[in-house]
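To start, the structure itself, in structure tokens.
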Amino acid sequence: MNVTGVGVTSSLVVQSLGDMRSQLADLQRQLGTGKKSTTYAGLGLDRGLAVGLRAKLAALSGYADSVTQVGVRIGLQQTALSQIEAIGKTVKSATLTQPFDLDSTGQTTSQRAAKAQLDQILGLLNTPAGDRYLFSGRAGDKPATGTLDHVLNGDGARAGLKQLIAERNEADLGTNGLGRLQTPAVAGSQVTISEETPPTVFGVKLASVSPLNGATVTGPTGSPASASVNFTSNPNAGDAITFAFNMPDGSQEQLTLRATTNSPPGPGEFTIGTLTTDTANNFQAALSTALQKMAATSLSAASAMAAANNFFHIDAGQPPMRVGGPPFGTATSLVAGTSSNTVTWYTGEMGTDSARGTAVAKVDDALSVAYGARANEQAIRSTIANIAIYAVTSFSPSDPNGQARFAALSQRVGDGLSPQNGKQKIQDIEAELAFAQTTMNDAKTRQQQSQGMLEGMLDGVEQAPQEQVAAQILALQTRLQASLQTTSMLYQLSIVNYI
């Protein structure tokens, strides 16, 4: 009898039983978890593929998070821009229909409403999305604008829009109230009108003068420009002459004087005298009166527009500009406002590059979208500036030119809030953001399709086929039971049983 051989065989059987028990435990784990292995090593040759697939899926998950986050930000930007655009249209409509119903503050109902609407715009621009302000360019940790009170009324020693408009109005009207124009005494039958000397950027500028029957019209020529009207004979009643003036805001205003036999003449008229010298003196008096009225109405409105443009048109290397003074009535140039004497309404990041490029998100392996914005972009800035002018200007009930000045200002504000050819519109910003959003959504759709495919491939590598595992368990249990019976018989073997 070979007892040693039986012992060895018994040991091998026991080892085999242990292996089968381990295999059974692993199969039961696979059946319970659905996974082939708890480690990449357990996947054998497929482990490299599994690692690569999981890395790709992790990247897709990161892109999906970026798309979601940026999508929320763009949605908030679009909402803000849409409301700003709607407010601009509302104010524009008000400028076309608002009566001159001044209250105790010297403002109309629509002006008071415009002030509240301007505050709403600044609030929209300063709305954060999480930890980022959306209209501050790269300075996402800073609000985009100052407060309404600081922007309009200033902050301590720092002047706001209201003060800059007042200084500019004084500079544009000049000390004689004629818009920095001079009308010297009549020389014989000749009336002269000229721009102020030394030359200045302020006031109105002579653009052209039409012919007048009975007079020799010269100019405007020279710098500063001047023109003359020399009466060689009396004009006929109804004959007219028109002066065209360039305003500080870039607009042009026309002033027409018509000859009449009435004395005193009506507005915009001059009386034909007995002699040409009388006619010349009457013409000069009428011209001075008309210039004063134009200065108090159209020029004042244009001056406010120019001051607002100087205040709001700021960027990298372009500070707010204001009148060099005091004295302001004799000032000749603009100077740059400083951080100590002038409010800077836009407090975000300034730059000459595209505003959209100030915030960029990677949404795919080789795809990024730009969705940044700055509150000082032309379309937003222009809307704010026009509404601010309307909201900050006041009028005196006792001013005979108040209603005409209000009408001139309303017309300019309404024009400024209308789309301008060749200039950025809020819709342009919205369209660029919408393109970024569409690009992200397209990428998201592609990634969702890729994710499904990659997850299917990963399941094929990592997932344990349940039917196959169950069959393996049954087969293994049968083998294990047979092995246990055999082992039991071996361990019961003795010399007596063997003999």
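The values are calculated or read from the model by the stated rules, or taken from the named source; none is laboratory data. These numbers were taken from a predicted model, which means no experiment stands behind them. Glycine gets a Cβ as well: all are built from the backbone with ideal geometry, and neighbour counts include every protein chain shown. With ligands, DNA and RNA removed, areas are computed over all heavy atoms of the protein, side chains included. Shrake-Rupley method; radii C 1.70, N 1.55, O 1.52, S 1.80 Å.
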Condition met for S61 (at pLDDT below 95, open to solvent by 40 Å² or more (accessible area, probe 1.4 Å) and under 30 Å from T358 (Cα atoms)): yes
Number of positions in the range 382-413 that are surrounded by fewer than 18 Cβ atoms within 10 Å (Cβ to Cβ) and among the small types (G, A, S): 4
Only one of R412, R405, R356 that is basic (K, R) and closer than 29 Å to Y133 by Cα: R356
Hits in the range 276-313 - residues which are of a type outside the set (V, I, T) and without any contact (Cβ under 8 Å) to a residue 40 or more places away in the chain: D278, N282, A285, A286, A290
Residue within the range 252-259 that is among the aliphatic types (A, V, I, L, M), surrounded by fewer than 17 Cβ atoms within 10 Å (Cβ to Cβ) and not in a loop (DSSP other than H, G, I, E, B) present: no
Residues within the range 232-250 that are touching a helix residue (DSSP H, G or I) at 6+ places or on another chain (Cβ under 9 Å), open to solvent by 10 Å² or more (accessible area, probe 1.4 Å) and either small (G, A, S) or assigned to a strand (DSSP E or B) (or both), tallied: 2
Qualifying positions in the range 388-404 - assigned to a helix (DSSP H, G or I) and farther than 13 Å from K162 by Cα: G402, Q403, A404
Pick from the range 213-231, criterion closer than 17 Å to R258 by Cα and not in a strand (DSSP E or B), ranking: least open to solvent (accessible area, probe 1.4 Å): G214
In the range 166-176, residue nearest to R381 (Cα to Cα) [restricted to those that are surrounded by fewer than 24 Cβ atoms within 10 Å (Cβ to Cβ) and of a type in the set (A, V, I, L, M, F, W, C)]: A166
Residue count, the range 185-212 (criterion: in a loop (DSSP other than H, G, I, E, B) and open to solvent by 40 Å² or more (accessible area, probe 1.4 Å)): 7
